[in-house]
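Heads up: the structure comes next, in structure tokens.
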Amino acid sequence: MSEKKKKHANPSLFNTMMTPHFCPGCHYGIIIRCLAEALEKTEAVGDTILVTGIGCSMVSAHYIKNLEGMVALHGRAPAVATGIKRSLGRDKIVMTMTGDGDLSSIGIAEIVAAANRFEKITSIFLNNSNFGTTGGQMAPTSLIGQVTPTSPEGRTADHGGFPIHMAELMAQFKGVVYSFRGTVHTHKNYNRTLKAIVTAIEKQREDAGLSFVEILAACPPGHHVKPKDGLDLVTDKLIPEFELGEFKNADRPV
Amino acid sequence: MSVERIISTGNDAIGHGAIAAGCKFFCGYPITPQNEIPAFFARELPKAGGIFVQTESEISSVNMLLGWNCTGQRGITSTSSPGFSLMQEGISVLHALQLPAVIVNVQRGGPGSGSISTAQTDYNFAVKSAGHGGMKSIVLAPWSVQECHDLVQLAYYLSEKYRIVAIVLSDATVGQGAELLEIKTIDFGELPNKTWALRTSGEKKGLRLIMDSYMPFNYTPYFSVIKKKFDKIEAEEVRFETRYLEDAELLVISWGSTARTCLEAIEEARSEGIKAGLFRPITLSPFPKEAMRAAAEKAKQVLVVEDNQGQMLYDVEWALAGSRPVSFVGIDKRDLPSGMGLLYPKPILEEMRRMMS
């Protein structure tokens, strides 16, 4: 195998034998690959439990070899993860991976309370600015003007409020030690996001506090664009609304 | 085995029983009349090497307990009626995943905010419902402080034996009343190994498990397994208590704290020459149908007493299948119209006199 091919080979933990269930142009598969790579880099997979929620990301753990998992009900992953982490203790890594309809809508109480309780868990938040699984309905993250089945004339602030910025919100909590927003739509951004997930896992290993990684993702059917236009969707629509970067990288607050 | 005797409330007895059973985790949210339970665990669990977490809601409580329990350890949550409503979603998932769980509902009265005082208005809710999906939990109803302590331990045993949710259905009278309590670990027997627990693949030589309540492939088989499981529970795990049944012509059927009230009324009635006896289901689910029918066969008449508008009444009528006339004394016979009213022995005794005249 050439050096270049080796560099771009799938991480060995990524289960390429499983038939992908994602729509054409969806970024979730890349994000799961990114998580697999992070778990490989940190050698954490044998010590990790991944709690997913309801939505297109619910089967994420299935794609990663040797990863134990639990699928929580819609919004409840941070509460379930809290129970698991408190039981298994600081030697184990407990992560959640949930979508924006899950974490920023029905589960916002759970994630905010987990942050406020200073839970030592890692939350990976997939933001494609709509409820993908149920048919592209408006989410708290949907853009102003975004046409969805529940905002047929386009989201207006008076009708549905403004897009919620979770990474910035999470950075406000003393119990949150790491908050980042990235994408996987270019090589450069993929690598940044990979580094962020690795950092988030390391923060948990240090027992430092809650680490939060938001990842913007294209959902071509939800945004009514062709699969090949998913990359432009991230560049032209999502990034202008959701600023990329590291919002917090702190040591253990106490 | 060491036995400690103290004066305790029923709510504290729940805590003593759970810790005696090896419980290492409590999560819960404040709500009256169960507030003594989280306070007990916050104080006592750290001493026993356990963890206490105050949650942001009962929705979170039940899901946090789910997370703790899926690792194979013993935890507990408690609440009162409105909080029990919020827990239904999580209880449904616990059933779907066939995880053991012990949940305490110290009932308060009525729908909505209702009353913060004692009641038995959650019978149907606890017995007939486990959230969406039509599952049935094991439901245990203590009538004393001692039984709070004993039944929470039985709840652990049964919930792990069958991998099922066990509800301890208490109320403010039992929960906040104080009596003598013997604290001891009760040995119910061997339990199966928790091979199903999530412990990370590193602890299992690379084997991994993913718990998922979505059933795209095993939907019908799941219902078959559940039916078989509950049939076995109904055949083997029914528990009840009887008093003065030998010569009883009038059978009083009641549960929880109200059965204590009935016992007083029965003893008064017997002093007047009315041959009354008591049948008290301890397991409201599984319902002691056969034993109840056998007890009723010896009696001429049956009186159901509960501090609600008639909920177990329908299960009694179903169990007796019209073989005996059934009378009822319920919430409308309380002494006060406010939520602070109570069901005293007097209206029960009056109904017994009327029935036997």
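Quick note: the coordinates plus some simple rules give every number you see, no bench work behind them. Just so it is clear, the model here is predicted, and its values are computed rather than measured. Note that each Cβ is placed from the backbone with ideal geometry, even for glycine, and that neighbours are counted across all protein chains shown.
Taking Lys and Arg as +1 and Asp and Glu as -1, the other residues whose beta-carbon sits under 15 Å from that of A:E241 total -3. Evaluating 6.51 cos²θ - 1.76 cosθ + 1.60 at θ = phi - 60° for every residue in region A:89-104, the Karplus couplings come out as x, 6, 6, 10, 9, 10, 10, 10, 9, 9, x, 6, x, 7, 6, 8 Hz, glycine and proline recorded as x.
Listed by chain and number, the aspartates and glutamates whose alpha-carbon sits under 12 Å from that of B:K275, ignoring those within fewer than 8 places in the same chain, are B:E246, B:D247, B:E249, B:E267. Largest mean-square fluctuation among B:L250, B:L209, B:L65, in a Gaussian network model of chain B whose springs join Cα atoms under 10 Å apart, belongs to B:L209.
Cβ-to-Cβ counts within 10 Å put B:T77, B:T283 in ascending order as B:T283, B:T77, the fewest first.
Per residue, the protein assembly as shown reaches -10500 deg cm²/dmol at 222 nm when only DSSP H runs of four or more residues are counted, each adding -39500 (n - 2.57).
Just to be sure I understand: with springs between alpha-carbon atoms less than 10 Å apart, which residue in B:M211, B:M340, B:M64 has the highest mean-square fluctuation in the Gaussian network model of chain B? Largest GNM mean-square fluctuation: B:M211. Going by neighbour counts of Cβ atoms within 10 Å, the residues B:H149, A:H223 line up, fewest first, as A:H223, B:H149. From the alpha carbon centroid of region A:100-136 to that of region B:324-357 is 51 Å. Less than 11 Å Cβ to Cβ from A:T82, Lys/Arg counted +1 and Asp/Glu -1: what total charge do the surrounding residues give? Cβ neighbours under 11 Å give a net charge of +2. Seen against the Cα atoms of chain B and their longest principal axis, helix B:145-162 is set at about 50 degrees.
Note on chain B: with a GNM built from Cα contacts shorter than 10 Å, the maximum mean-square fluctuation among B:Y214, B:Y344, B:Y29 falls on B:Y214. Of the cross-linked pairs B:K24/B:K227; B:K47/B:K204; A:K195/A:K228; B:K136/B:K229; B:K24/B:K128; B:K204/B:K232, those separated by over 21 Å at the C-alpha level are B:K24/B:K227; B:K47/B:K204; A:K195/A:K228; B:K24/B:K128; B:K204/B:K232. Bridge orientation summary for region B:241-356: considering DSSP beta bridges with both residues in this region, about 20 percent are antiparallel. Of all DSSP beta bridges confined to the protein assembly as shown, the antiparallel ones make up roughly 25%. Against the longest alpha carbon principal axis of chain B, how many degrees, from 0 to 90 and to the nearest 10, is the axis of helix B:58-69 turned? Once rounded, one gets 60 degrees. Remark: the protein assembly as shown carries a charge dipole of roughly 1860 debye about the Cα centre, counting +1 on each Lys and Arg Cβ and -1 on each Asp and Glu Cβ. DSSP finds beta bridges in region B:193-304, and of those with both partners inside it, around 35 percent are antiparallel. Helix B:256-271 axis versus longest C-alpha principal axis of chain B: approximately 20°, rounded to the nearest ten.
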